[in-house]
Amino acid sequence: MSEDNQDFVKGLALELRRGTLTLSLLSQLMTPKYGYALVESLEAKGIPIDPGTLYPLLRRLEKQELLTSEWETTGSKPRKYYVLSKSGKETYAKMCKEWAEMAENLNRLINEGDK
Amino acid sequence: MESKKNTADLTERYLYAVTKRLPAAQRADIEKELRGLIEDMVSGRTGENEPEKKDVEAVLLELGKPSELAAKYRGSKNYLIGPDYFGTYTTVLKIVLAAVAGGLTIALIVGFFTEDREHILKSSINFLSGMIPALFQAFGWVTVIFAIMQKFNAKIDEENKEWNPKELPEVPAEKARIKKGEPIAGIIFTVLVIILFNSAPNLLGIYNFSGNMTFIPFFDLTVFKSILPLIDVLLGLGILKEVFRLVFEKYNFKLAAAVTLINVCSVLLIVYIFLPPDIWNAHFVESIRAAKGFIPPVDVDLDYIWRNIPIWFVGISLFGNFVDTIATIAKSIQYSITK
């Protein structure tokens, strides 16, 4: 039973993280970065993200015009660099505000209990 | 050198497995990007050392199943038959498979009574060997019909992304609802007809039980067999119509449009198949006259009747289709106005 519970908690935590993934990603893209560099830097900052999730997500955000991309072919390997577009920066600012409100409200809920 | 080739080969195979599932326009770019990622991930594991096969394998395992990665890139779920249709699909499938199995069994039992004793074993074997492909065919056709509807409907859903509670369909008036029994009976009947036409077209005719049992078929069996695929299409359209009735569950304009289209196609097929005299047995009247114990009726011109049978047959079919179309349209109008 407790092992099942462990899995369940893991699942819920994963869901929470999934919701904040886009915001985490946008926060790292003020300057151009390529996918694997993002995987590494996010992991180093305690937000591990599976490359199999990150790469498709980058493309989706590009399609939604929050990111722009460019192939960098001068280095040893060709790499695709992504960076926030103008509308991406606006969206990021709004999302930060949303997050701050949500975190504040949720913390209040947790701290005050159901009083 | 050998191992380097191996590891590169593994990567290529993975990339191919992913990109073949993606839209052609995106393939090259995603492939290039993923190749870079895999190289980065591998060298992240091995550092400066030459990568081994197991390193590449570990990286590919981390990236996950090619089909799942491709699905993430596509971002949409691909259904052959999605949850909207699955319930109706299984219902129709059960009915059709049961009707096919039942129909073939009846055909076998009829065979027991009408055939010579020595043929019974042969026909039993034919029955068993015919049953499996028949069931697979039925399964295939039902699935194809629903897959097409799924594809069609999925597109409509994408077009109307906005959703408005005002657009929720009215609960259909009691009369506008199509009771399931009628289309189900229609499907069963049509499946039985398909089985009869395909397995024993020679049974369609007149029996003469006096003395030696003789039998006179309505159709010219050679022509009938050559045109049988078209007859199957015609009957298949009939099943499709009943499936639409099951899916829509009530009379509305979409159903009316579908029924009208199907009926128009059916009418064209009926005219094409049954109006030319070729398909009808040219020796029918002759055979009747020659039949033992036949007393020719006075005042009736059998030749005249038989010559006109194609026109009457087609005429009655056209009338039936016409009535069905008008009735469906009328009910759709009536129930969409009165609600």
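What follows draws every value from the coordinates through simple rules; no lab data is involved. Model, not experiment: these values are computed from the prediction. Because the Cβ atoms are built from the backbone with ideal geometry, glycine has one as well, and the counts that use them run over all protein chains shown.
Results, tabulated for the structure shown:
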{"item": "Value of relative contact order over chain A, rounded to a whole percent, pairs C-alpha under 8 Å and six or more apart", "result": "24"}
{"item": "Net charge, A:ALA100 excluded, C-beta distance under 15 Å - Lys, Arg +1, Asp, Glu -1", "result": "0"}
{"item": "Modelled FRET efficiency - R0 41 Å, B:ARG45 with B:ALA147, Cβ distances, 0.05 increments", "result": "0.45"}
{"item": "P(r) tail fraction, region B:2-74 - alpha-carbon pairs more than 17 Å apart, %", "result": "40"}
{"item": "Per-selection Kirkwood Rh - the protein assembly as shown (Cα, Å, 1 d.p.)", "result": "29.2"}
{"item": "Gain upon complete extension [B:PHE319, B:ARG74; 0.36 nm per residue less C-alpha separation]", "result": "83.3 nm"}
{"item": "Shape call, chain A: gyration tensor on alpha carbons, a/c limit 1.5", "result": "oblate"}
{"item": "Principal-axis tilt of helix A:86-112 within chain A, Cα atoms, nearest 10 degrees", "result": "20"}
{"item": "Of A:LYS77/B:LYS54; A:LYS33/A:LYS86; B:LYS32/B:LYS151; A:LYS94/B:LYS20, those spanning more than 26 Å from alpha-carbon to alpha-carbon", "result": "B:LYS32/B:LYS151; A:LYS94/B:LYS20"}
{"item": "Residue-span extension gain [B:ALA28 to B:LYS254] - 0.36 nm each, minus C-alpha spacing", "result": "77.2 nm"}
{"item": "Modelled FRET efficiency - R0 35 Å, B:VAL300 with B:PHE215, Cβ distances, 0.05 increments", "result": "0.95"}
{"item": "Segment B:ASP232-B:THR105, extension gain: residue separation times 0.36 nm, minus the distance between their alpha carbons", "result": "43.7 nm"}
{"item": "Förster radius 45 Å - calculated FRET efficiency between A:ARG17 and B:SER129 (Cβ-Cβ, nearest 0.05)", "result": "0.20"}
